[in-house]
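Asks: Following this message is one structure expressed as structure tokens.
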Amino acid sequence: MLKDFFGKRRKYASIPSEQAKADVPEGLMQKCNGCHKIYYRKEMNKNLQVCPNCGYHHPLQAWDRIDTLFDENSFEEWDNDLITSNPLQFPGYEEKVVKDRKKTGLNEGVVTGKGTIEGQATAFAVMDSTFRMGSMGSVIGEKIARALENAKNEGLPFIIFTASGGARMQEGLLSLMQMTKTSIAVKRFSDAGGFMVSVMTHPTTGGVSASFASIGDYNIAEPGALIGFAGRRIIEQTIREKLPEDFQTAEFQLKHGQLDKVVHRQEMQELLSKLLKFHQKGGEEA
Amino acid sequence: MKQVLEFEKPIVDLKEKISELKRFTQDSEIDLSDEITTLEKRLAVLENDIYGNLKPWDRVQLARHSERPTTLDYVHKLFTDFIEFHGDRLFGDDEAIIAGIAYYKDNPVTVIGHQRGKDTKENLRRNFGMPHPEGYRKALRHMKQAEKFGRPIICFIDTKGAYPGKAAEERGQSEAIARNLMEMAGLRVPIVCVVIGEGGSGGALALGVGDEIHMLENSTYSVISPEGAASILWKDSAYAQRAAESMKITAYDLKKLQVIDKIVPEPKGGAHRDLDQQAAYLDEVLEQSLHTLSKCSADTLLENRWQKYKQIGDYNLL
């Protein structure tokens, strides 16, 4: 472009100061991903990892999420002994999984089980985006399908918190087929009269948003969560235009009729508790 | 033959040489028939060697071949009285998916499939066979109708994937795919799915929940395109070939992994070399599938469908 020849050239590059470069001390303090304000980690935790200033919802690890929702000592975990194999002998896959097992203390990217919310029993699955981006391979598909079957057999409702980049590439088509496996499990659960709430948290995309996440009786989401099928970069490359800032946020999906509700983390437990009460099976003896 | 693939070049070159010699023999007094016979023998060996040892990447090229038969090609060869119907009744008509009714050997069936174009003009109309949500919703509408009238459903899969566009997201691409997976699980009629070209991720799967899943010999079925996987895993789409190998996307690999039921053979050099032969191969498999499935009660179909998908996947125990 011609104007590039005349544009102002910056003569100096700015180098961040040492102080700015040094990250916030590990553990004690935490910088908000949204407004970059610094808080005591304790304070942030007390606020369920929601920024007191800007309301940014930081990702929650699976067990922290479970702690915020369920009555103390009420939960029982299912199928924690399922671990990932390397069915395609994909180069480097096992090392990555072992690394994430160490990093997160989880055996895979989802915790399933049952527990009570204000005394009401429910089955649940909580995904963890820090384990391989929550990507779904055989283990996650199997655990979610089993949890739905258990819920069906025990007559429990089912609450799922999704957090996933989509299907896991390293297990190839076996991952894709977990979308089918879990969707059939949802169908069976639903046909048996089961009540399911899907709560989409940041991020819920690809094969997970295109399977169980989108077919709950209610589909709700946390504020600001990225929710969508295709990635922003791929869409921008395909349609050759810049996408709006709020594209594929929970609020965007709500506006386009793709969600029932966007719910603040502080109000999540209360809402779920109410929903469980509304859908109690009491009265109608099966 | 318009589009020549890289790995076929030696065959094409040799064929050209043979026809050149033939022309020469005709036009001149010199008899070269010995040489021609030798070369023709060599051609046969070469063809067996190349087409008999196709690498995953070669099959990717064949699956994407611009002359590869599409859903409508098979519809016209295998069925009679096909009537196409349009629209999802909610937003519009997506021509990346076709749906309609037809007779298969005198029995009414519902036929649904991704539809690519064969030239630029048709590809624009068909959006390169990459559906929007309304395409999947149209498909579902016809599946429900098939269930109501007790017609088996035949799905042809041939797409790079669901369209990654702004409007597609706004109208609920995820929900449309998820809804199809869930509803197809419960349809009380036989469903047979055949991957005829590219089976691209969730966009393929949304027509791919069935009682039997078959793949044409040179088709591919993959969780993400080899280029996409390469750019995410190795930050370079040039590694697509490596990704195609690692992800196990060929019919042979997927048969071994017990994801698909049957491999439908292709004529030497690919489906586009002989549509009639290809349709005949497909016909045989389709007939067997529908014959077997028609004997099952609806409850058996549903239970078997669940069992089929339940066992897909691999894991260890701690």
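Here is a yes/no grid of residues against (1) open to solvent by less than 70 Å² (accessible area, probe 1.4 Å); (2) modelled with pLDDT under 95; (3) closer than 28 Å to B:R188 by Cα:
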position: B:F91; (1), (2), (3): no, no, yes
position: B:I101; (1), (2), (3): yes, no, yes
position: B:K105; (1), (2), (3): no, no, yes
position: B:K118; (1), (2), (3): no, yes, no
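Asks: Name the single residue, out of those in the range A:73-96 being within 11 Å of another protein chain (Cβ to nearest Cβ) and either within 19 Å of the chain's Cα centre (by Cα) or charged (D, E, K, R) (or both), that is nearest to A:M133 (Cα to Cα).
Replies: The qualifying residue nearest to A:M133 (Cα to Cα) is A:K96.
Asks: Quick check on A:E142: is it open to solvent by 10 Å² or more (accessible area, probe 1.4 Å) and either polar (S, T, N, Q) or within 7 Å of chain B (Cβ to nearest Cβ) (or both)?
Replies: When the stated conditions are applied, A:E142 passes them.
Asks: Follow-up. Report the residue count in the range A:253-281 for those that are surrounded by 16 or more Cβ atoms within 10 Å (Cβ to Cβ), within 16 Å of the chain's Cα centre (by Cα) and outside any helix (DSSP H, G or I).
Replies: Result for the range A:253-281: 3.
Asks: List the residue pairs whose Cβ atoms are under 7 Å apart, where the first residue sits in the range A:240-257 and is facing another protein chain (nearest Cβ under 9 Å), the second is of a type in the set (D, E, K, R), and the two are 6 or more positions apart or on different chains.
Replies: Close Cβ pairs (under 7 Å, with a partner that is of a type in the set (D, E, K, R)) amount to A:L243/A:R232; A:L243/A:E236; A:L243/B:K166; A:F247/A:R232; A:Q248/A:R232; A:Q248/B:E169; A:F252/A:D246; A:H256/B:E170.
Asks: Hey, could you check the range A:216-228 for residues that are aliphatic (A, V, I, L, M) and surrounded by fewer than 23 Cβ atoms within 10 Å (Cβ to Cβ) and say which is farthest from the other protein chains (Cβ to nearest Cβ)?
Replies: A:I220
Asks: If I ask for residues that are assigned to a loop (DSSP other than H, G, I, E, B) and either on the phi > 0 side of the Ramachandran plot or open to solvent by 60 Å² or more (accessible area, probe 1.4 Å) (or both), which ones from the range B:275-296 would you list?
Replies: B:K295
Asks: Another question, then. Name, by its number, the condition in (1) buried (at least 24 other Cβ atoms within 10 Å of the Cβ); (2) assigned to a helix (DSSP H, G or I) that does not hold for A:T204.
Replies: (2)
Asks: So, one more: Do any helices (runs of 4 or more DSSP H) lying entirely in the range B:98-173 carry at least 3 residues that are out of contact with any Gly (no Cβ under 6 Å at 6 or more places or on another chain) and touching a residue at least 40 places away in the same chain (Cβ under 8 Å), and which ones are they?
Replies: Here the list reads B:133-148.
Asks: For the range A:145-169, give me each residue that is within 27 Å of B:I249 (Cβ to Cβ) and either acidic (D, E) or open to solvent by 10 Å² or more (accessible area, probe 1.4 Å) (or both).
Replies: A:G165, A:A167, A:M169
Asks: Further question: Which residue pairs have Cβ atoms under 9 Å apart, sit 6 or more places apart or on different chains, and have a first residue in the range B:284-305 that is free of Cβ contacts under 8 Å to residues at least 40 places away in the same chain and a second that is in a helix (DSSP H, G or I) and among the basic types (K, R)?
Replies: none
Asks: On to the next question. Could you pull out every one of the strands (runs of 3 or more DSSP E) wholly within the range B:186-255 that has 2 or more residues that are hydroxyl-bearing (S, T, Y), within 11 Å of another protein chain (Cβ to nearest Cβ) and surrounded by 19 or more Cβ atoms within 10 Å (Cβ to Cβ)?
Replies: Correct list: B:220-222.
The values are calculated or read from the model by the stated rules, or taken from the named source; none is laboratory data. Please read all numbers here as calculations on a predicted model, not as lab measurements. Don't worry about glycine lacking a Cβ; one is built from the backbone with ideal geometry, like all the others, and counts go over all protein chains shown. When the accessible area is computed, the model is the full protein with side chains, heavy atoms only, and any ligands, DNA or RNA have been set aside. Shrake-Rupley method; radii C 1.70, N 1.55, O 1.52, S 1.80 Å.
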